[in-house]
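The structure under discussion appears below in the form of C-alpha cells.
The values are calculated or read from the model by the stated rules, or taken from the named source; none is laboratory data. As the structure is a computational prediction, the values presented were derived from the model and not from experiment. Neighbour counts run over all protein chains shown; Cβ positions are idealised from the backbone, glycine included.
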Amino acid sequence: MTAPSRRKPMVFEPDDPAVEAAPPEVTYAGTGDEDDPANGAAPPLPRPRDAIGRGVRWGGLFLSAVASLTLLAASVAFTGFVSEAMTRNDWVGWLATALAALATVSLAVIILRELVGILRLNRLSRLRRQILDALRQRDAASERQAVKNLKALFSSRPDQKWGLARLGEHEADIRDPGDLLALAERELIVPLDIQARRFILQAAKRVSVVTALSPMVWIAMIYVLVENLRLLRTLAGLYGGRPGFLGSFRLARMVVTHIIATGGLALTDDLLGQFLGQDLLRRLSRRLGEGVFNGALTARIGVAAIEVTRPLPFLEATPVRIRDLLPEIFRRSPAK
C-alpha cells in the first residue's frame, strides 16, 4: 500500500469568484430507526410521480365521457321509442298510451302515500306534545281535548273498538287531572304495547338466526337493515303512524337520534356483558357472537321506536325495557 499524498496548502482571496463554497454537512441526532432522518440518514427524495404531478386524469375523463354517452343514448332511444309508439294509431300506440298513463297514476299515488305517511308521523308528534303539555299544566280541558284527539286517531281501527267503548263508558266519571290520560293509556295503548313487544321479539330472533347462519357478511347486513326498517314501519303503524318508504327513513333518523341522546347503545353493551359474562362472546364462535349482538341491537332499536312513536308517555303502564327482552331473545337464539 502507498501512503496518501498530502495536498499542499493554497492561498486564495475570500472574494475570489472562482472559489465555490461546499454545501454544509447536515448531521441528525439518531433515534434508533435507520429510515428516520434523525438517525443520520439523508431525507428520502421525492418520487418522480410526486415531483412531476398528476396533471389531467385522462383515463377518468374517458370513462366519464363514455358512461355519459351511454346514458344519453339510452335516454334518447327510450324517448324516441315512447314518442313513436304513442303517435301510432294501432294497438302498439294504444298500449303505449295506457302504460304511460298507468305509470303516471302509479307515481302520483306513490308520492301521495309518502306525503300522507309523513303527515301521520307529524300528527303523532303533535299529539304527544299536546299530551305532555296537558300533563305538565294539569289542565282538565286540555287533557280532554288530548284524549279526544287520541280517540280520533284510533277511531277507524277495528282492533280498538272495544277499548274505545270502555273509554267512553268511564270517561265521564273522571274528575282528577291525569286520570283520564291514565285511563286512555290502560284501555287503548297497553294492548298495543303487548303487540309491540311481540313484534320486537320476533324481529330480534329473526335477525339473530339469519346473522348466525348467513354464509356471507353482506347478506346478513342487508337483511338486518331491511328487518329493522320493517320493524320501525310495523311499530309506527301499530301506534297510528303508518309511514311510507321515505317516512321510514325519517323515523329511523328519529330513532337513532333518540338512542344517541339517551345513551342506549352503551346500555345495550353493558347489559350484554352482565347477561353473558365478560368473555363469553369472545369464546363463542364469531357468527354466534354477531347474531347475539345484532339481535340485541334490533331489540334496542325497537324499544327506542316505541318511545318515539307511542302517542302517550308511560304513565301507569310498565315500560318496554331492553333488559326484559334480552333473556327471552338469548334463550331461543343460536347462542344457546
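Observations
- Residue check for R129: at pLDDT 85 or above and under 19 Å from S248 (Cα atoms): no
- Evaluation of L135 against the conditions (1) within 31 Å of the chain's Cα centre (by Cα); (2) closer than 19 Å to V190 by Cβ shows that the sole unmet condition is (1).
- Looking across G240, G244, one residue alone is at positive phi and not charged (D, E, K, R). It is G240.
Each row is one residue, and each column tells you yes or no for (1) in a helix (DSSP H, G or I); (2) in contact with a strand residue (DSSP E or B) (Cβ under 6 Å, 6 or more places away or on another chain); (3) without any contact (Cβ under 8 Å) to a residue 12 or more places away in the chain; (4) over 22 Å from A172 (Cα atoms).
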{"residue": "A100", "(1), (2), (3), (4)": "yes, no, no, yes"}
{"residue": "T104", "(1), (2), (3), (4)": "yes, no, yes, yes"}
{"residue": "L107", "(1), (2), (3), (4)": "yes, no, yes, yes"}
{"residue": "E114", "(1), (2), (3), (4)": "yes, no, no, yes"}
{"residue": "L119", "(1), (2), (3), (4)": "yes, no, yes, yes"}
{"residue": "R128", "(1), (2), (3), (4)": "yes, no, no, yes"}
{"residue": "I131", "(1), (2), (3), (4)": "yes, no, no, no"}
{"residue": "R144", "(1), (2), (3), (4)": "yes, no, no, no"}
{"residue": "K151", "(1), (2), (3), (4)": "yes, no, no, no"}
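- Restricting segment 161-196 to residues that are basic (K, R) and over 21 Å from L235 (Cα atoms), the residue that is surrounded by the most Cβ atoms within 10 Å (Cβ to Cβ): R166
- Hits in segment 116-153 (condition: under 16 Å from R310 (Cβ atoms), of a type in the set (S, T, N, Q) and surrounded by fewer than 17 Cβ atoms within 10 Å (Cβ to Cβ)): N122, S125, N149
- Some residue of segment 191-213 being basic (K, R), under 25 Å from V292 (Cβ atoms) and in contact with a Lys or Arg (Cβ under 7 Å, 6 or more places away or on another chain): yes
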